[in-house]
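Here's the structure, in structure tokens; my notes come after.
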Amino acid sequence: MRTGRHMLARAMALAAVLAVAVAARAQNAGREANPEQPRSGPPPGVYQPAQLAADDVRAFPVPPGGFADARAGVAQGRVEEFSYDSPVTGTRRKANVYLPAGYSAERRYPVLYLLHGFGGTLDDWRYYVRSNAVLDNLLADGKVVRMIVVMPNGRARADDKPPPPERSFTPEHIAAFAAFERELMETLIPAIDRQYPTLADRQHRAIAGLSMGGGQALNFGLGHQESFSWVGGFSSAPNTAAAAVLLPDAARARTQLRMLYLSCGSQDGLFHISQDFHRYLKSSAIPHVWNVDPYSHDRDSWAENLYDFAQLLFR
Ligand code: FER
């Protein structure tokens, strides 16, 4: 009975989301005529079918089955809740901190900052993508360097809960993802470096994210090469700044960046964003990984890319 009611509630929630999506679409139809109207959906034309070129291919073999499932006998890392006062939002804010199996406060570790998507939360990487299982398994197999992984809330506004779908695309919500840059650089990173035994230099600090978080990772990571030398954008969203703006100095990028990693699924309507970024890097001879997988805007892509990206980190 409880399950039935739960399913009904879910079905009703889904129907509500669909109704909102239909309404948003109807509203979008008139948007071009009135650019002042606040956005409740993505701008028209953002989602496009991928036009695959010869170099848009998988960069890695398919991971072994079960790579993102908790495996019997594998030691698990643990997640701590970390909180800090943010001058950007004026509120106390949370981040999840993954400490790998075998973690000891007597040693020092490199740090990966891992960012969620538009409607997401700081729990998405661990519960939706199952990042803990991916990293635990890789560590047990000796395929990754032991690292701390910080999964913050990338929505820097006083009310930092995911908004209802019809408010996702408001300018205020988009601005909150941009405002996280200052909080990350000036508050969160220093706080993590005080609280945990980190290797607190650019050689040992990485940033990556999915979708809106992928755009943040590219913008913040490439915009702060003094602080990051490993950067990854997975299925990056339209908040991604133009590559030419982020990387005006190709020679500097070649010497500073240890890894720049881009991925996207060929079924993802945002494919063109990563593809354009890759094409700029290629034309500027900036070394990078470009991994095109067969997935959509979903956890299959993000789990696989975390699996491939993590193995290259801090080597
Ligand atoms: C957009 C389409 C998608 C956009 C953001 C997204 C800011 C983000 C999607 C996600 O994070 O999953 O036009 O504009």
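Out of the range 188-210, which residues are of a type in the set (Gly, Ala, Ser) and either within 16 Å of the ligand (Cβ to nearest atom) or touching a Lys or Arg at 6+ places or on another chain (Cβ under 7 Å) (or both)? Matches in the range 188-210: Ala208, Gly209. A residue that is hydrophobic (A, V, I, L, M, F, W, C), within 25 Å of Leu199 (Cβ to Cβ) and not in a helix (DSSP H, G or I) can be found somewhere in the range 288-310. Residues that are open to solvent by 10 Å² or more (accessible area, probe 1.4 Å), within 16 Å of the ligand (Cβ to nearest atom), over 21 Å from Asn96 (Cβ atoms) and at pLDDT 95 or above occur in the range 211-230; there is at least one.
The residues listed here are Leu260, Leu281; of these, the one that is at pLDDT 95 or above, assigned to a helix (DSSP H, G or I) and surrounded by 17 or more Cβ atoms within 10 Å (Cβ to Cβ) is Leu281.
Look through the range 83-119, keep the residues that are open to solvent by 10 Å² or more (accessible area, probe 1.4 Å), in contact with an Asp or Glu (Cβ under 9 Å, 6 or more places away or on another chain) and of a type in the set (Lys, Arg), and return whichever of them is farthest from the ligand (Cβ to nearest atom). Per the stated criteria, the residue is Arg92.
Within the range 176-187, identify whether any single residue is crowded, with 20+ Cβ neighbours inside 10 Å, more than 15 Å from the ligand (Cβ to nearest atom) and not basic (Lys, Arg), and answer yes or no.
Yes, there is a match, as at least one residue in the range 176-187 is crowded, with 20+ Cβ neighbours inside 10 Å, more than 15 Å from the ligand (Cβ to nearest atom) and not basic (Lys, Arg).
Number of residues in the range 164-173 that are in a helix (DSSP H, G or I) and crowded, with 17+ Cβ neighbours inside 10 Å equals 3. Scanning the range 231-247 for residues that are out of contact with any His (no Cβ under 6 Å at 6 or more places or on another chain) and either within 16 Å of the ligand (Cβ to nearest atom) or of a type in the set (D, E, K, R) (or both) yields Gly232, Gly233, Phe234, Ser236, Ala237, Pro238, Asn239, Thr240, Ala241, Ala242. One residue stands out in the range 284-306 among those that are polar (S, T, N, Q) and away from the ligand (no atom under 16 Å from the Cβ): the one that is surrounded by the fewest Cβ atoms within 10 Å (Cβ to Cβ), namely Ser284.
Being in contact (Cβ under 8 Å) with a residue 12 or more places away in the chain and over 17 Å from the mean Cα position of the chain (by Cα) holds for only one residue in Ile192, Ile174, and it is Ile192.
The values are calculated or read from the model by the stated rules, or taken from the named source; none is laboratory data. It should be emphasised that the depicted structure is a prediction, and the values quoted were computed from it without experimental measurement. Neighbour counts are summed over all protein chains in view; Cβ atoms, including those assigned to glycine, are modelled from backbone coordinates with ideal geometry. For accessibility, only protein heavy atoms count, side chains too; no ligands or nucleic acids. Shrake-Rupley method; radii C 1.70, N 1.55, O 1.52, S 1.80 Å.
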